[in-house]
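Comments concern the structure below.
The values are calculated or read from the model by the stated rules, or taken from the named source; none is laboratory data. Because the structure is a prediction, the values reported are computed rather than measured. Cβ: placed from backbone, ideal geometry, glycine included. Neighbour counts: every protein chain shown. Side chains included, ligands, DNA and RNA excluded: accessible areas come from the protein's heavy atoms. Shrake-Rupley method; radii C 1.70, N 1.55, O 1.52, S 1.80 Å.
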Amino acid sequence: MRKPLVMGNWKLNGTKESVTALVTALKAPADKAAPKAEVAVCAPAVFIGMVEQLAQGSQLQWGSEDCDIHTQGAYTGENSPVMLREFGCTYAIVGHSERRDYHKESNEYVAQKYQAAQANGLIPVLCVGESEAQFEAKQTMDVIRAELKAVIDLCGIKSFEKAVIAYEPIWAIGTGKTATPEIAQSVHQDIRAYLAQFDAEVAQGVRILYGGSCNAKTAPDLFKQPDIDGGLVGGASLKAPDFTAIIEAAVANA
Ligand code: 13P
């Protein structure tokens with residue numbers, strides 16, 4: 001069955017001091033959870049080397065918040081999937097709504113990032129989700145289907161055997177407005193049903209995380225839902241006690 005995954009997305013946050021304290025504090029909870037749930041943190045690229053050293057000897061995994069489509073070359077400011085692997089990343093988030101929005105990343109470009117990550121040994125965490133206006137216009141699945149289809153067209157449905165999906169309704173990110181467990185479950189179920197049109201086995205196996213004001217309070221009920229396989233956590237992943245409580249909620253529902 002699907003092993004739950006709790007992943008922190010630190011976004012543009014952290015200092016050497018806070019990263020040291022946070023990773024140090026998360027090692028024991030990650031070890032304790034390991035038989036039942038996986039724990040990972042996705043860090044700003046400058047901190048990934050530090051996280052690698054700090055997390056040594058524990059079950060805590062780490063990843064990047066993005067990755068480039070190229071492995072090397074004249075692409076100033078980018079981070080290549082090969083470099084990220086060299087620093088021990090397991091995961092790379094691709095297509096986070098903040099990047100789709102602020103950096104104008106199209107569905108096709110995100111699919112290329114997903115492909116580059118996978119081709120170089122990273123597990124892409126593909127973020128999908130609708131804006132508030134799209135939610136109100138009942139376009140949630142239209143948006144998500146297009147985001148998924150771009151990846152299926154480029155990489156094939158079987159690529160989801162080595163990927164994670166994160167449903168992140170944009171209206172719930174950093175707003176304190178969590179999707180209700182019922183809304184989230186219904187979208188997760190629809191995502192799985194859409195993928196099942198291409199390959200039922202792949203659809204059953206792929207982990208779909210929920211993200212958007214997932215915190216110590218909201219996680220337990222979200223994680224009880226049958227199609228929610230863990231969380232992609234922003235704000236609450238920066239505080240060790242809160243993130244630990246979310247990890248424990250995943251373990252309790254594993
Ligand atoms: P918050 O948990 O801060 O709402 O952020 C969610 C998110 O964007 C994770 O990728």
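Do we find that V39 is hydrophobic (A, V, I, L, M, F, W, C), within 16 Å of the ligand (Cβ to nearest atom) and under 15 Å from E168 (Cα atoms) in this structure?
On the way: hydrophobic (A, V, I, L, M, F, W, C): yes; within 16 Å of the ligand (Cβ to nearest atom): yes; under 15 Å from E168 (Cα atoms): no.
For V39, the condition - hydrophobic (A, V, I, L, M, F, W, C), within 16 Å of the ligand (Cβ to nearest atom) and under 15 Å from E168 (Cα atoms) - is not met.
Count, please, the residues in the range 99-132 that happen to be in a loop (DSSP other than H, G, I, E, B) and either touching a helix residue (DSSP H, G or I) at 6+ places or on another chain (Cβ under 6 Å) or buried (at least 16 other Cβ atoms within 10 Å of the Cβ) (or both).
Our first condition is that a residue be in a loop (DSSP other than H, G, I, E, B); within the range 99-132, this holds for 103-106, 120-122, 129-131.
Among the residues that remain, those that are also either touching a helix residue (DSSP H, G or I) at 6+ places or on another chain (Cβ under 6 Å) or buried (at least 16 other Cβ atoms within 10 Å of the Cβ) (or both) are: 105, 120-122, 129-131.
Selection size over the range 99-132: 7.
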| request: Answer with yes or no whether A21 is closer than 16 Å to T244 by Cβ, open to solvent by 20 Å² or more (accessible area, probe 1.4 Å) and of a type in the set (A, V, I, L, M). | output: yes
| said: Can you say whether D190 is within 16 Å of the ligand (Cβ to nearest atom), part of a helix (DSSP H, G or I), open to solvent by 50 Å² or more (accessible area, probe 1.4 Å) and not small (G, A, S), as far as the supplied structure shows? | reply: no
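Return the residue satisfying two criteria in turn: it lies in the range 209-224 and is touching a residue at least 24 places away in the same chain (Cβ under 8 Å) and surrounded by fewer than 20 Cβ atoms within 10 Å (Cβ to Cβ), and of such residues it is farthest from the ligand (Cβ to nearest atom).
Going residue by residue through the range 209-224, those that are touching a residue at least 24 places away in the same chain (Cβ under 8 Å) are 209-216, 218-224.
Retained after the next criterion (residues that are surrounded by fewer than 20 Cβ atoms within 10 Å (Cβ to Cβ)): 216, 220-221, 224.
Details: A216: 11, P220: 15, D221: 16, K224: 19 Å.
The residue in question is K224.
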| request: Consider only pairs whose beta carbons are under 8 Å apart and that are at least six residues apart or on different chains; among these, list those whose first residue lies in the range 66-77 and is at positive phi and loosely packed, with under 10 Cβ neighbours inside 10 Å and whose second residue is modelled with pLDDT of 95 or more and not in a loop (DSSP other than H, G, I, E, B). | output: none
| message | Out of everything in the range 122-175 that is within 19 Å of the chain's Cα centre (by Cα) and of a type in the set (S, T, N, Q), what residue ends up being modelled with the lowest pLDDT? | response | T175
| Candidates A216, A203, filtered to the one that is modelled with pLDDT of 95 or more, in a helix (DSSP H, G or I), farther than 18 Å from A43 by Cα and not hydroxyl-bearing (S, T, Y) | A203
